[in-house]
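For reference, the structure is listed below as structure tokens.
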Amino acid sequence: MDGVFVDGNRDKWSSGVTSLCDKDAKAAWSDGLNATMWQLRAECDKAGNARGCTIISNYATDAALQMSDGGMIERFGCAVNNIAQLAELTSEGFLVQVHAQSATSAASLQQCVACFLVGANEGAYFGAGNGWEG
């Protein structure tokens, strides 16, 4: 394996699967998820030199970026905060996969691509389409 995409937030995790759990169970679930991510990071690093394989988190939170090589900007749109986050992360050497879910027409696709190009540096990747399959 030379890389993996991990779907889920690593910072203040919440999920519908824990909605019926009490606070302690939610915390234990989150702790276990984070421990699993750190174990994955350690095993990837053993696979080669430092950062022997690539780990991408679906949310580029501070906590996730400590254990991964980058993240995805979900629901990327032509917003100043999206462009700034893309520019900051890629300028710091992180890989970033932009998911422009709102790019569902030619006009919205053009707008999202233009905004992506404003913030993109080396290591930036663009994807578009309606829904998670996009």
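With both labels modelled 7 Å from their Cα along Cα-to-Cβ, the ASP62 to SER91 distance reads 1.9 nm. Of all complete DSSP H helices in the chain, those with a Cα span along the helix axis of 18 Å or greater and a mean Kyte-Doolittle hydropathy of -1.0 or more are 23-46, 106-119.
How large is the direction-averaged shadow of the alpha-carbon convex hull of segment 58-134, in nm²? Don't jump to the answer; show the numbers that get you there.
Values: hull surface 18.1 nm².
Computed as one quarter of the Cα hull surface, the answer is 4.5 nm².
Given Cα pairs under 8 Å that are at least 6 residues apart, what percent is the relative contact order of the chain?
Details: 220 pairs, mean separation 27.2, N = 134.
Once divided by the residue count of the chain, the mean separation gives 20 percent.
A cut-off of 5 Å between modelled amide H atoms, ignoring neighbours fewer than 5 places along the same chain, links ALA100 with PHE76, GLY127, ALA128, GLY129.
Over the chain, how many percent of alpha carbon pairs lie in each 5 Å bin up to the one with the longest distance? Over the chain, the share of Cα pairs per 5 Å bin runs 2, 11, 18, 18, 17, 15, 11, 6, 2, 0 percent.
Hey, got a sec? Which GluC sites (Glu not before Pro) in segment 43-133 land in a DSSP loop and have at most 13 other Cβ atoms within 10 Å?
Details: sites: GLU43, GLU74, GLU88, GLU92, GLU122, GLU133; in loops: GLU74, GLU92, GLU122, GLU133.
Of the GluC sites (Glu not before Pro), the ones in loops of segment 43-133 whose Cβ has at most 13 other Cβ atoms within 10 Å are GLU92, GLU122, GLU133.
Label separation (LEU20 vs GLN111): 4.1 nm, computed from points 7 Å beyond Cα along the C-beta direction.
Under 5 Å from the amide H of SER57 lie the amide H atoms of VAL6, ASP69, GLY70, GLY71, MET72, each residue being 5 or more positions distant or on a separate chain, with H modelled from the backbone and absent for Pro and chain starts. Candidates MET67, VAL80, GLY93 compared by Cα position along the dipole of the chain: farthest toward the positive end lies VAL80, with charges placed on Cβ.
Every read-out reported here was derived from the displayed coordinates using simple, explicitly stated rules and does not represent laboratory data. For clarity, every value in this text was computed on a predicted model and none was experimentally measured. Ideal geometry is used to build each Cβ from the backbone, glycine not excepted, and the neighbour counts take in all protein chains shown.
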